[in-house]
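Chemist: The structure's right below; bear with me while I get my questions together.
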Amino acid sequence: MIVAQHSSYPTTSITLVPVSQIRRSIASCKMDSEIPPNAMRRKIDPNWRGGFSLGVDLGMSRTGLAISKGYSIRPLTVLELRGQKLELRLLDIAEKQEVDEFIVGLPRSSDGLETPQSNKVRSVAGRLAVQAAERVYLLEKIPILCHFFFTPISDPDDRGWRVYLQDEYGSSTMAMDYMIDKGLGKSARQGKVDAYAAVVLLERYFSLTGEGVELVLPKLLTLQNKLREGPMDLF
């Protein structure tokens, strides 16, 4: 653990920050400059309209999804799946909705520290990150001959699915207030709070222009490079 002291003489408050968390942040910052999230790209170029984002609010039994296309953010669905079935479904939805990044909510306590649930979320996000890099790898293996017989199925700028972690503290409470403000009755709100929590997650992500998000990297360096470089321009 690294001890970070905030000087306020005569009293001193001390916050303990796990070394692993600091290392992840440093690695993520380095890669963010090479693989910027959509919110950051939009800040750099206000006229940029590319990139769809899938907000993911992971729960113990239910997972809420929301989608951002352009400046429009809307609730998508709530999945009652777990484990591999959930991950495969997320990948399937990402492909059908043509998103290029997952914004996954990371649970934190009121003091900003991670919770036991954070480790479970990191595990799911890590597996999704591997799938993202492997998707790029498969695109590289498409025979060049496909160009002569089929419509190109990949964009040269397609870097696969990127996975980012975004602080989700208070999103469920804000989601309930959000639905009430929209005039949704009790029956209409039932079963939708998780999807609206994902909406709140995406709104926070874009309002902060991607600052503070953590890029989830595959452990293998070769997969990291695939994610950074994207598929070769075969077309």
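The values are calculated or read from the model by the stated rules, or taken from the named source; none is laboratory data. Keep in mind it's a predicted model, so treat the numbers as computed, not measured. Every residue, glycine as well, gets a Cβ built from its backbone with ideal geometry; the counts of neighbours run over all protein chains shown.
Chemist: Could you tell me whether segment 179-201 includes any residue that is of a type in the set (Phe, Trp, Tyr), at pLDDT 90 or above and not in a helix (DSSP H, G or I)?
Modeler: No, the conditions are met nowhere in segment 179-201.
Chemist: Return the residues of segment 46-60 that are at pLDDT below 85 and over 19 Å from Val99 (Cβ atoms); say none if nothing qualifies.
Modeler: Pro46, Asn47
Chemist: How about segment 165-193: which of its residues are in contact (Cβ under 8 Å) with a residue 24 or more places away in the chain and out of contact with any helix residue (DSSP H, G or I) (no Cβ under 8 Å at 6 or more places or on another chain)? Don't jump to the end; show me each part of the working.
Modeler: Just the residues of segment 165-193 that are in contact (Cβ under 8 Å) with a residue 24 or more places away in the chain, to begin with: 165-169, 171-172, 174-175, 191-193.
Residues satisfying the conditions are Tyr169, Gly191.
Chemist: A further question on this structure: Could you list all residues from segment 76-129 that are part of a helix (DSSP H, G or I), crowded, with 19+ Cβ neighbours inside 10 Å and among the small types (Gly, Ala, Ser)?
Modeler: The answer is Ala94, Ala125, Ala129.
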